[in-house]
Amino acid sequence: MSAERVEKKKTLELRKKHIGPSCKIFFSHDPIKIIRAKGQYMYDEKGQQYLDCINNVAHVGHCHPDVVKAGAQQMEILNTNSRFLHDNLVLYAQRLQDTLPDKLSVCYFVNSGSEANDLALRLAWQYTGHKDIITLDNAYHGHVSSLIDISPYKFHQASDAELNQSVHVAPSPDVYRGKYRADHPDPATAYADEVKDIIHGVHEKGDKIAAFIAESLQSCGGQVIPPPGYFQQVAEHVRKAGGIFIADEVQVGFGRVGSHFWAFQLQGEDFVPDIVTMGKPIGNGHPMSCVVTTREVAEAFMSSRMEYFNTFGGNPVSCAIGMAVLDVIEKEDLQGNALRVGRHLTRLLEKQKEKHPLVGDIRGRGLFSGVELVKDRLKLTPATAEAQEVIYRLKEQYILLSADGPHRNVLKFKPPMCFSTEDADMVVEKIDQILTELEEALGMKMHNTSNVENESIKRELPTDEHGHQCHGGFAHDRVSTQGVPQRTKRLRT
């Protein structure tokens, strides 16, 4: 390695000095210095192994040898831009298209999920000639200015944020905590009608809808699984209004849901988006992404007479890496593994729901699962502090998990796709132990599941006091509680 190896303390000092303060770090009280990784494991500077349940970017496993080899070999031969003919670009585009419905046939290669979603908006604006965008509450689509505008997960955090007047926020189709829940006779139609009403309001003001954009499964929003039929009905309303449907697969694509290669396919074969965006897992950690759309949308973009060029998008090295990722998914049956291990994990978590009053809901598909913690199963009082306590205690036992959602009370599973049943067994066993200890400290009893916010709580865990991020980092202050072993107080940073 050419880089100088420095002590952890010095690394932290240099980070504070040279890296922007808004760039947060996991577990800020005692951050982990990771120096290598392999498969579903990461290793710190002392060689301590951590099980990674967070990293959906290292899709086929950290530092997979086939992916590393493909990139290194192509880098030794050629890396240039896409203005030159090269087989890797077209062969990779063909491989991607083979995983998608036929109408999604034109690719634009870029370098990040944010870049992909930004380009998707440009395509929608040019194709429709309209400006207004409908997004979902708690959505996150990227960090560039156009995407902060359509990411309530981000702009809700800013006290002085003003909503872009051409952006309209529809309710998240959350059937556990949302406006229309599992006991509703038709939540898909009810949520889709909310979008229809927004369209009507836009038209009354003399404006028009360019696009509806949604993560196929909401990730930062709390692992939300839309009810079947929701996307079909939304697409019908949006297209009738002259807009198009953008499916953001940046977090959940490439076989993670197990039963399908793309998460939007969970809605059924009769639903096909007009644009699909990809990122994170596409390069297994290499910075690359893609926008795939229809020939009609692509031709309209061309009619603007403005050339689209991306210096690094679709370069031979990135395409070689992308093809290697697809090869590994197929060769190692990682989509099948996601289905099998995901089902096993869900069964284990459902047993925890039966056992622990803190567990309000289990949801997910494949290796994309969420455990929502609540203090009251009727009121759905978010157990935010308890969720943070869980992830910190797991870290102390060398397991990396995150908490997210609008209340930061959803434990998120999105590990590398090589995650095993043995890994699932170990994590859930640790979660079981931690929840048991927390519930004993809080005086929670399972026989009173309708109201587990017990008045005789032995210890009141702290609430979320600091700014929100997609993944939790905390600062610690020692606290002492009578009858409870002294532990650390978890605060957001």
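The values are calculated or read from the model by the stated rules, or taken from the named source; none is laboratory data. For clarity, every value in this text was computed on a predicted model and none was experimentally measured. Ideal geometry is used to build each Cβ from the backbone, glycine not excepted, and the neighbour counts take in all protein chains shown. Heavy atoms of the whole protein, side chains included, go into the accessibility calculation; ligands, DNA and RNA do not. Shrake-Rupley method; radii C 1.70, N 1.55, O 1.52, S 1.80 Å.
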- Query: Mind checking which residues of region 97-117 are open to solvent by 50 Å² or more (accessible area, probe 1.4 Å) and within 23 Å of the chain's Cα centre (by Cα)?
  - Reply: E115
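Out of all the residues in region 76-91, is one or more of a type in the set (K, R) and surrounded by 13 or more Cβ atoms within 10 Å (Cβ to Cβ)? Show your work before the answer.
Here is the first cut: in region 76-91, the ones of a type in the set (K, R) are 83.
Now restrict to residues that are surrounded by 13 or more Cβ atoms within 10 Å (Cβ to Cβ): none.
The answer is no, given that none of the residues of region 76-91 is of a type in the set (K, R) and surrounded by 13 or more Cβ atoms within 10 Å (Cβ to Cβ).
Taking the condition closer than 23 Å to L217 by Cβ, surrounded by fewer than 24 Cβ atoms within 10 Å (Cβ to Cβ) and in contact with a helix residue (DSSP H, G or I) (Cβ under 7 Å, 6 or more places away or on another chain), does R365 pass?
yes
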- Query: Does region 157-173 include one or more residues that are part of a helix (DSSP H, G or I), more than 17 Å from G279 (Cβ to Cβ) and touching a helix residue (DSSP H, G or I) at 6+ places or on another chain (Cβ under 9 Å)?
  - Reply: no
- Being open to solvent by less than 10 Å² (accessible area, probe 1.4 Å), touching a His at 6+ places or on another chain (Cβ under 8 Å) and at negative phi, is that true of even one residue in region 288-309? no
- Query: Within region 64-84, is even one residue out of contact with any Asp or Glu (no Cβ under 9 Å at 6 or more places or on another chain), within 30 Å of A139 (Cα to Cα), modelled with pLDDT of 95 or more and not hydrophobic (A, V, I, L, M, F, W, C)?
  - Reply: no
- Query: Which residues, taken from region 405-460, are under 29 Å from I225 (Cα atoms), hydrophobic (A, V, I, L, M, F, W, C) and either in a loop (DSSP other than H, G, I, E, B) or at pLDDT below 95 (or both)?
  - Reply: M417, C418, F419, M444, M446, V452
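Hey, can you tell me all the residues within region 302-360 that are of a type in the set (G, A, S), in a helix (DSSP H, G or I) and touching a Ser or Thr at 6+ places or on another chain (Cβ under 8 Å)? Spell out the reasoning first.
Start the filter on region 302-360 by keeping residues that are of a type in the set (G, A, S), which leaves 303-304, 313-314, 318, 320, 322, 324, 336, 338, 342, 360.
Next, only the ones that are in a helix (DSSP H, G or I) stay: 318, 320, 322, 324, 336, 338, 342.
Within region 302-360, just G342 meets the criteria.
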- Message: Whether any residue in region 45-67 is without any contact (Cβ under 8 Å) to a residue 60 or more places away in the chain, open to solvent by less than 40 Å² (accessible area, probe 1.4 Å) and either among the charged types (D, E, K, R) or closer than 30 Å to A320 by Cα (or both) is what I want to check.
- Response: no
- Go through region 220-246 and give me each residue that's open to solvent by 10 Å² or more (accessible area, probe 1.4 Å), over 16 Å from the mean Cα position of the chain (by Cα) and in contact (Cβ under 8 Å) with a residue 60 or more places away in the chain. G242
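Do we have V252 as part of a loop (DSSP other than H, G, I, E, B), among the hydrophobic types (A, V, I, L, M, F, W, C) and closer than 30 Å to P187 by Cβ here?
Working: part of a loop (DSSP other than H, G, I, E, B): yes; among the hydrophobic types (A, V, I, L, M, F, W, C): yes; closer than 30 Å to P187 by Cβ: yes.
For V252, the condition - part of a loop (DSSP other than H, G, I, E, B), among the hydrophobic types (A, V, I, L, M, F, W, C) and closer than 30 Å to P187 by Cβ - is met.
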- Task: Kindly check whether there is at least one residue in region 109-120 that is assigned to a helix (DSSP H, G or I), among the charged types (D, E, K, R) and without any contact (Cβ under 8 Å) to a residue 60 or more places away in the chain.
- Result: yes
- Message: Can you pull out every residue in region 1-26 that is within 28 Å of the chain's Cα centre (by Cα) and within 21 Å of H62 (Cα to Cα)?
- Response: I25, F26
- Message: Going residue by residue through region 94-104, is there one that turns out to be in a loop (DSSP other than H, G, I, E, B), among the hydrophobic types (A, V, I, L, M, F, W, C), out of contact with any Pro (no Cβ under 6 Å at 6 or more places or on another chain) and over 30 Å from D425 (Cα atoms)?
- Response: yes
